[in-house]
1. Stretched out fully, how many nm does the piece from A281 to E203 gain, at 0.36 nm a residue minus the Cα gap?
2. Would you pull out the residues with amide H under 5 Å of L7's amide H, same chain only if 5 or more places away, H placed 1.01 Å from N?
3. How big is the chain by the Kirkwood estimate over distinct Cα pairs, in Å?
4. May I ask for the longest run of the chain untouched by GluC sites (Glu not before Pro) that are loop-located per DSSP and have at most 15 neighbouring C-beta atoms (other than their own) within 10 Å?
5. Tell me, what is a quarter of the convex hull surface for the C-alpha atoms of the range 1-56, in nm² with one decimal?
6. So what is the 222 nm mean residue ellipticity for the chain from helices alone, if each DSSP H run of at least 4 adds -39500 (n - 2.57) and you divide by all residues, rounding to the nearest 500 deg cm²/dmol?
7. Where does the range 1-108 land on the Kirkwood hydrodynamic radius, alpha-carbon pairs, in angstrom?
8. Please work out the average accessible area per residue across the range 84-198, using the 1.4 Å probe convention, and give it in Å².
Amino acid sequence: MRPPTALTIAGSDPSGGAGFQADLKTFTALGVYGTTAITAVIAQNTRGVQSVTPMTAEDVQSQLTSVLDDIPLDATKLGMLTSAEVVAAVAETMAARAGQFGTVVLDPVMVATSGDELLPRQAAQNLRELLLPLVHVITPNLPEAAKLLDAEVAPDVETMQEQAVRLQQLGPAVVVLKGGHHDDDEVVDVVAHPGGVDLLRAERVRTRATHGTGCTLSAAIAAQYARIAMVRSAGPDALGVLAATMDASHERVGESEAGDDLAAVGAGRDFLQRALIGGAAYDLSFAPEQGHGPVDHLVTVARREPGGHTASA
């Protein structure tokens, strides 16, 4: 038996809250073996980004080839892609090796919380035209959805539903349109999937520890798809081993494609919600009031408390 596997194609975060570091932590916390292809070496921390050193398209393709030639993948998460050339190279590799990436989840890292654009114009166009038709899930925030559609930022849930359906028409079967930019006490995400449109609600966690939330959510969703794929293909013995670690949201997995989609997205959101609550108690930075700390990626992991007792979140 092998574990569920996933690949993250993303930039780095040496402070560990975002990027491929956050993705690998999330994969591990959810029992998934993680692999990586790094698109940029970034100097950043909870207080901001200091520098970005992009990888070349050839560098990224070489990393992808190394992984694909050796390790079967159940899911892939796409994060920061840095340039038009890198987007095109990833799309070319995905098209040439169709089916080898497992279920593909794209976090279209295009617009920062500050409103700054993170992806050059041609890269954004390549992402929309070349990548969206190849992925199964996208997880845009409201400004990113607006940019993909050349529309205004959705002011309400009704407009979010309309935009999610329009994004589906660009290729992805599932659109998770995140409502976190609205400042209501309840966060409403819109999920357009093959079976229709659902609204997923959660109480807003009031915290500064929000660094890497987009990375963590998309990685958690990819990890859940990997776990579901393993359960679907495993025999009874393997199913019993995995079932012992699956959270309750997996009970919603049905026989239809939409059932798996809602189960993966719902379980990924549940993980992020728990990680936000755990991260709100963190005090990692020298100056926590000046930046945004990370979520608690270890929320599923048993930890040793002072005095020698073991606690599990």
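The values are calculated or read from the model by the stated rules, or taken from the named source; none is laboratory data. These numbers come from a predicted model, not from an experiment. Neighbour counts are summed over all protein chains in view; Cβ atoms, including those assigned to glycine, are modelled from backbone coordinates with ideal geometry. We work out accessible area using only protein heavy atoms, side chains counted, and drop any ligands, DNA or RNA first. Shrake-Rupley method; radii C 1.70, N 1.55, O 1.52, S 1.80 Å.
1. That works out to 26.4 nm of additional length.
2. The list, which skips near neighbours in sequence, is T35, A75, T76, K77.
3. 19.5
4. By the stated rule (loop sites, at most 15 other Cβ atoms within 10 Å), 1-151.
5. Mean shadow area of the hull around the Cα atoms is 4.0 nm².
6. After summing the helix terms and dividing by residue count, I get -11500 deg cm²/dmol.
7. Hydrodynamic radius (Kirkwood, Cα only) of the range 1-108 equals 14.0 Å.
8. Each residue of the range 84-198 exposes 43 Å² on average to a 1.4 Å probe.
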